[in-house]
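Single-structure report; data block below.
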Amino acid sequence: MSALGTSPERSDADAKLRGQAVYGADLSKTGMLWAALARSPVAAGHLRAIDPVPALRIDGVLEVVTAADVPDWRTGVIVSDTPMLAADYVAYEGEPVAIVVAESRAAAEAGARSVAVDIEPVEPVSTPEQALAPGARLVHPEWNRFAVAGGADIGRNGNVVAEVVHDPGDLDEAFAAADFVVEGTYRTLRQYQAHLEPKMALATYESGRYTIEVSHQYPFRLRDRVAQILGVAPSAVRVVGHHIGGGFGAKLDVSLEAFAALLAQRYRRPVRMQHTALEERLAAPCRANAITAVRSAVRRDGTILATDVEIVSDSGAYANNGPALSSIPMFVFGSIYRVDTARIWTRNVYTNTAPTGAYRGVNGPWLVFANERHMDAIADALGRDRREFRLASLARDGDLMRNGQPLEQVSILREAFDRVDDLSGWQDAGAGELRGVGQAAAIWLTNPMPGHATVKLNEDGTATVITSATENGSGAVATGLRQIAAEALGLATDQVTVTMPDTDATGYDAGSQGSRTTHVVGRAIADASAEVRSQVLDQASQMLEAAAEDLVITDGVVSVAGVPTASVTLGQVAQSVTWTEGPIAAGASYVTPTPPHDPLCATGMLIKGWPTPTYHLHQAEVSVDAVTGHVTVDRYIVCQEVGRAIHPDAITGQIQGGVAQGLGFALSERVDLDHGRYVQRTFKQHGLPLAADVPRVEAIVMEHADPAGPFGAKGAAEPPVVPVAAAVANAVADAIGAPIDSLPIRPEDVLDALERTQ
Amino acid sequence: MRFCRVRSVAEAVDELSRWGTEGRILAGGTDVMPQYLRGEQSPAVLIDISGIDGLGGISDVGGVTSIGALVTMRRLATASLIALRHPALSQAAAAVGAWQTQTVATLGGNICTAAATADTLPALLIADAQLTLVSKSGRRRIGLEDFLAGSGATALRPTELLRAVELEPLGERSSEGYLKVARRSAMDLAVVGLALRLDVAPSGVIDGVRIAMCGGDQSAHRVSAAESALLGTRLSDDPGAFGEVGAVLADAVGSAALPEAQYRRRVLPGLFDRLARRCAGEIAGAGA
């Protein structure tokens, strides 16, 4: 029986529920040392001296390692701008300045607090506006000496880390022909990933090689980054992955691992590190804060002649992956809804704040917020119904995105509008005093980056998938990949095991990001399984004296079609073949090809295409308390296209979770900066939504099988977070009759807006 | 740190007199344990009173409600005697933290921790709460208003244990309630919490008003200026009077330096109006 489209139990469910699963943060080794980082207490300043003596007086502290003792080059994913330890100046509060090595965790942490760091503070560049102001102090005076991966021209200039410019040059003409112009400026704060398991590392050094045990979303990236920082070959580093207690993008790059590896080599002892709760926050690669200004030239008949978008996003003190993420506006503005032409100008800038980075749905939540608030504003200006105007403006199959990529299946979005309307009719949704409804649509990618899997038939007839795909909570590995292998091999899901990540043992894998695991690794598994299956059939055909094409495999039994008595089990096949031809195993790789696009569409663009797009429509129905300004989400509907649903329960779980994170971003979570320093320092101040703040999300899962995907599957886990803030903001604006142009929507802001309407 | 479990009030006050300022009482632990783990408190000895029998009761003593210091928030939120006689306390207890916190957090803890945002305190203040404190040298009674002395500060001496709280029940033509404004629907401190008790004469004249709030100042407190603004007005004829009282309440919000002072001022008039209408409606409904 096919396991696809059913929801079998996750392989990790029992251990996780019972508290028996070993997470990175549970690891320890005999003879292990602990280390902790001393971090800059100020956002910007000249580092004058570090006095280790107060730390060395603490019982158990062995050493205080400073910049003089570690590699002095800068590294980075895209721009090599980040020192291992700050040497001359500090660029953000929390930047590592020294490592304290100790016999215990308590001593290491006490030592890190005691290191006397002498910094002459300078006025920080606190905001993107300040960074771009004429005469602004340069966050990195030597920015021009930083190398860029592959020598790419990403438009760097002073405090501008990256600039992507798409400008067809016909905007002025379009604006001159407009009946009117609609404009808005949309501001959003950072968002903190708030995963529960802190970042950690356990490193050992033996025979010239480093082994790092960790809970990480992307072990191969980690391997390469540790090698880059230490100046060794990637093959000198082995990364072994363990259960991950939440990542949401925060565990995609290196954090503590290189420090631990360096010390393991220095002491020839295992070295363990782990963030404190405050460090988690200070060093988190939050979703970037951004300002998005949108102007559209509109004709009275509703045609959008042109959209002019100017975006400034905050990279923080280092580039991280900001330059790549700066391409994403190209896949939001003027792509989901038709515009005749668009100019999109995105700058990612340095500030003296913690570096921002990847958070589930990178950049999407604030880009879609701006795009969809703007659509509501145009509809209002035209006096058109907002849903009707969206449907009239929606892209059509064959339309090009701003990068010149054809949208082959965008009519799926039209179907989504109907499906949502069937569940909660637009005419009545959100009716009533201080109640409102809002919609937001998105087209999101499935990350295309490479994956590899080896499928081996075990001697008992079960199968093992050997891969470094990481189970980051979604179930993509714990169920999805197992179901795919089972389906391809003719096994039951519980007869398939998947290994934990190990960069020594598996082919390259680009990690748990952008919903790629099911699609990319699943495809590699399906291909490898087909090869295994063909070897099984060859062997079985000899054993059964029947032609291979007449054989079927069901529930671990190979039989001759139409002759059920003529059969052998996969276990018998495996035993037989192992001692005759040798064991059966096959490997396969997959990378999603870059979709056709216009390579000259923009300058500075690192993400050139939007592969394996999926289609999303969200509808939020809210009510507003006139006294407190509090927003209650009464109803939330998601209509999401997934290619094919391999494990429906996992998908709806991801939808529920993504919406919860989106509601936090929309309504309650705060990451404020004051002179470069984070204001909220604890979970208590942070405002994560609770179960009581999140409605039961109604999920409609649409299936349109993708020929490239394993059994038609695309990615599903990342995008449910993307349209949430936009849908909620549109609903709140509808409820109060006033625009909402910044996030999060605090009760105070709602009361302000209400006051203005009275 | 020493941990010492006591089984009786006598044992507790013995330990308290022995340790003085070095000792810290542990009941539900929802404040003490996080403070200890954050390193904000490092008492030489934790005196665990959670096993004392006789501090966990709710009873009627000659028409007065007596509540033992170890009665939990969950119990206050669900006990029928409290719902009947002290609905504001019932509502306030249900607004504390989350279900898990309510299951262990005690009334005595909420009173003695004396957080500026403690939900139960306004509800206790409008019932004219009298506290019984015991020590080795005897017992004393003190009104809750006199007991509270600023954020986290009280008149409790290091050798004293809060034993019970006595409350004046709701009268026949009376109504009361508690409303809390917080940023999330649970596990959040009150931006402001407001308790109101109204007594109405058969003529319809409001002849008793008690208003108390938390979150608005260093301590929860009664707001007498707002009480006098409402006293003597008629329930039926002028709902506008509620607006006036609300404005007085907003003015009563303490130091603007407290976080969220502006938001608190802003919501208070509407919050009071909502609470007053609810109470007035209940009285009118009961009279009909």
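Read-outs: derived from the displayed coordinates by stated rules, not from any lab. This structure is a prediction, so every number in the text was calculated from the model and none was measured. Using ideal geometry, Cβ is built from the backbone for each residue, glycine included, and neighbour counts are taken over all protein chains shown.
7 Å from Cα along Cα→Cβ at both B:Q100 and A:T554: what's the point-to-point distance in nm?
Result: 4.8 nm between the two label points.
Alpha carbon centre of segment A:725-758 versus segment A:598-672: separation in Å?
Result: 19 Å between the Cα centres.
Can you list residues whose amide H is under 5 Å from A:H216's amide H, if they're 5+ apart or on another chain and H is modeled 1.01 Å from N?
A:H242
Dipole of chain B, Cα-centred, from +1 at each Lys and Arg C-beta and -1 at each Asp and Glu C-beta, to the nearest 20 debye?
Result for chain B is approximately 620 debye, rounded to the nearest 20.
Would you please put A:223-233, A:116-126 in order of how densely packed they are, using the mean number of other Cβ atoms within 10 angstrom per residue and starting with the highest?
A:223-233, A:116-126
About its Cα centre, what dipole magnitude does segment B:174-287 give when the only charges are +1 on Lys and Arg Cβ and -1 on Asp and Glu Cβ, stated in debye to the nearest 20?
That gives segment B:174-287 a dipole magnitude of about 420 debye.
Could you name the aspartates and glutamates whose alpha carbon sits less than 14 Å from that of B:K136, not counting residues in the same chain fewer than 8 places away?
B:E11, B:D14, B:E15, B:E160
Rank B:A123, B:I206, B:L55 by how far each Cα sits towards the positive end of the charge dipole of chain B (+1 on Lys, Arg Cβ; -1 on Asp, Glu Cβ) and give me just the farthest.
Projecting each Cα onto the dipole axis, the largest value belongs to B:L55.
Evaluate peptide B:178-187: per residue, the Cβ atoms of other protein chains within 10 Å of its Cβ; return the mean as an integer. Mind showing how you got there, number by number?
Values: counts 0, 2, 1, 6, 3, 9, 9, 8, 4, 7.
If you average over the peptide's residues, the count of other-chain Cβ atoms is 5.
Apply the membrane-span-like helix rule to chain A: whole DSSP H runs, Cα extent along the own long axis of at least 24 Å, mean Kyte-Doolittle hydropathy at least -1.0. List the helices found.
Membrane-span-like by this rule: A:364-382, A:522-544.
Dipole size in debye (nearest 20) for chain A around its Cα centre, Lys and Arg Cβ +1, Asp and Glu Cβ -1? Walk me through the numbers before you get to the answer.
Numbers: 61 positive and 91 negative charges, 301 e Å.
Taking the Cα centre of chain A as origin, the dipole is about 1440 debye.
Could you list, in their original order, any pairs among A:K29/A:K199; A:K684/B:K180; A:K199/A:K714 whose Cα atoms are separated by more than 24 Å?
A:K199/A:K714
Mind ordering A:288-299, A:532-543 by average Cβ neighbours within 10 Å, highest first?
Highest mean packing first, the order is A:288-299, A:532-543.
Select from B:E176, B:E11, B:E166 the residue whose mean-square fluctuation is largest in a Gaussian network model of chain B (Cα-Cα springs shorter than 10 Å).
B:E11
I'd like the per residue volume of the convex hull spanned by the Cα atoms of chain B, given in cubic angstrom.
123 Å³
Just tell me how shielded A:626-633 is by partners: mean number of partner chain Cβ atoms within 10 Å of each residue's Cβ, no decimals. It would help to have the intermediate numbers written out before the result.
Details: counts 2, 11, 13, 5, 6, 0, 1, 0.
If you average over the peptide's residues, the count of other-chain Cβ atoms is 5.
Run the quick spin-label model on A:E120 and B:D128: label points 7 Å from Cα toward the beta carbon, then report their separation in nm to one decimal.
According to this spin-label approximation, the distance is 6.8 nm.
May I ask for the net charge around A:E206, where only other residues with Cβ less than 15 Å from the Cβ of A:E206 are counted and Lys, Arg are +1 while Asp, Glu are -1? Walk me through the intermediate numbers first.
Details: positive: A:K29, A:R209, A:R238, A:R266, A:R268, A:R269; negative: A:E213, A:D504.
The answer is +4.
Take the Cα atoms of segment B:122-246, find their three principal axes, and give me the spread along each one in whole Å, biggest first.
54, 36, 24
Helix-derived [θ] at 222 nm for chain A: sum -39500 (n - 2.57) over DSSP H runs of at least 4, divide by residue count, nearest 500?
-7500 deg cm²/dmol
Step by step: find N for chain A, compute 2.2 N^0.38 Å, then divide the Cα radius of gyration by it. What's the final number?
0.99
Taking a spot 7 Å from the Cα of B:S42 along the direction of its beta carbon, which residues of segment A:42-71 have an amide N less than 15 Å from it?
A:58-59
What's the local net charge at A:I584, with K and R +1, D and E -1, over the other residues with C-beta under 14 Å away? Numbers along the way, then the final one.
Values: positive: A:K456, A:R533; negative: A:E459, A:D460, A:E531, A:D538, A:E581.
Here the count lands on -3.
Send over the per residue convex hull volume for segment A:376-523, Cα only, as a whole number of Å³.
Values: hull volume 26.5 nm³, N = 148.
For segment A:376-523, the hull spanned by Cα atoms encloses 179 Å³ per residue.
Can you grab the distance from the C-alpha centre of segment B:24-55 to the C-alpha centre of segment A:520-562, Å, no decimals?
66 Å
Taking neighbour Cβ counts within 10 Å as the exposure measure, how do A:R300, A:R360, A:R670 sort from fewest upward?
With the sparsest Cβ surroundings first, the list reads A:R300, A:R670, A:R360.
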